[in-house]
Amino acid sequence: MSDSGQLIVISAPSGTGKSTVINAIKGRIDKVGYSVSHTSRAPRQGEVNGIDYFFVSEPEFERMISEDAFVEWAKVYNAYYGTSFSALRQNMAEGFDIILDIDFQGAAAIRKHFTNSILIFLVPPNLETLKARLIHRGKDSESVIMSRMALAEDNLRHCSWYDYIVVNDNLEKAVAEVCSIIIAGRRRAARMLLDESLKSNLKFLNT
């Protein structure tokens, strides 16, 4: 495999099961990392700085914006979230494929700066199922659920320009499909031809 990893963006409306799918993937494929984002919001109970997020103050986040430190950033529910160039490049240089859990705006920014990135949109089987999942979580009020549903409908309109769409109507099936996409990305000719051991074994590739 090439010493340079790839970026895999996974976007999905809240309640689609994105976090569950991502956690399952990390246990099945070697050399898969997860991008730790910066945020200006306060840590929630159990969250650890540097593992869940890099927690910084709002002025610090805005300073990083002014220095073009982020490949993508957004303000969501009155808090900043962003992915730094330095964190991505360090992990990719170590040969890790990095999964980014970001929305469609972030995905567009990633594609602009990393043209070989892989964009996957995880969708629910239907909106009724999505609403039922949000209610079942028991985390949000009815007004928040309605707000999330409206945002979900808006986000889903952008799935058409992603590279892949995976329907999460069955968790095992969805995880297997995303794993297959990641593995296929590792076998793209452009990436395989950067593999020094392959070129050493198949010397005609150098001619």
Assuming R0 = 25 Å, what is the FRET efficiency of K139 and I51, from their Cβ-Cβ distance, to the nearest 0.05?
-> 0.75
Using a basic spin-label model with each label point 7 Å from the Cα along Cα→Cβ, how many nm lie between A132 and R187?
-> 3.6
Taking each full run of DSSP H in the chain as one helix, which ones are at least 20 Å long along their axis (Cα atoms) and have mean Kyte-Doolittle hydropathy of at least 1.0?
-> 171-186
Peptides 117-125, 51-59, 14-22, 160-168: what's the order by average Cβ count within 10 Å, highest mean first?
-> 117-125, 14-22, 160-168, 51-59
Would you please give the FRET efficiency between E60 and S19, computed as 1/(1 + (r/R0)^6) with r the Cβ-Cβ distance and R0 = 30 Å, to the nearest 0.05?
-> 0.70
Taking the Cα centre of the range 26-71 as the origin, how large is its charge dipole in debye, to the nearest 20, when only Lys and Arg (+1) and Asp and Glu (-1) carry charge on their Cβ atoms?
-> 360
Do any trypsin sites (Lys or Arg not before Pro) in the range 36-73 lie in a DSSP loop with no more than 11 other beta carbon atoms within 10 Å, and if so, which?
-> R44
Which loop-located trypsin sites (Lys or Arg not before Pro) does the range 128-191 contain, where loop means any DSSP state but H, G, I, E or B and the Cβ has at most 10 other Cβ atoms within 10 Å?
-> R157, R187
Once amide H atoms are placed 1.01 Å from N in the peptide plane, what residues at a sequence separation of 5 or more from V76, or on another chain, have their amide H within under 5 Å of its amide H?
-> Y81
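Just tell me the longest site-free run in the chain, where the sites are GluC sites (Glu not before Pro) in a DSSP loop having at most 13 other beta-carbon atoms within 10 Å.
Details: sites that count: E47, E67, E94.
So the longest stretch without any such site is 95-207.
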Taking square-rooted eigenvalues a ≥ b ≥ c of the alpha carbon gyration tensor, is the chain rounded, prolate or oblate, where a/c under 1.5 means rounded and, failing that, a/b exceeding b/c means prolate?
-> oblate
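The numbers here are math on the coordinates, done by the rules we state, and not lab data. From a predicted model like this one, the values you see are computed outputs, not experimental measurements. Cβ atoms come from the backbone with ideal geometry, glycine included; neighbour counts cover every protein chain shown.
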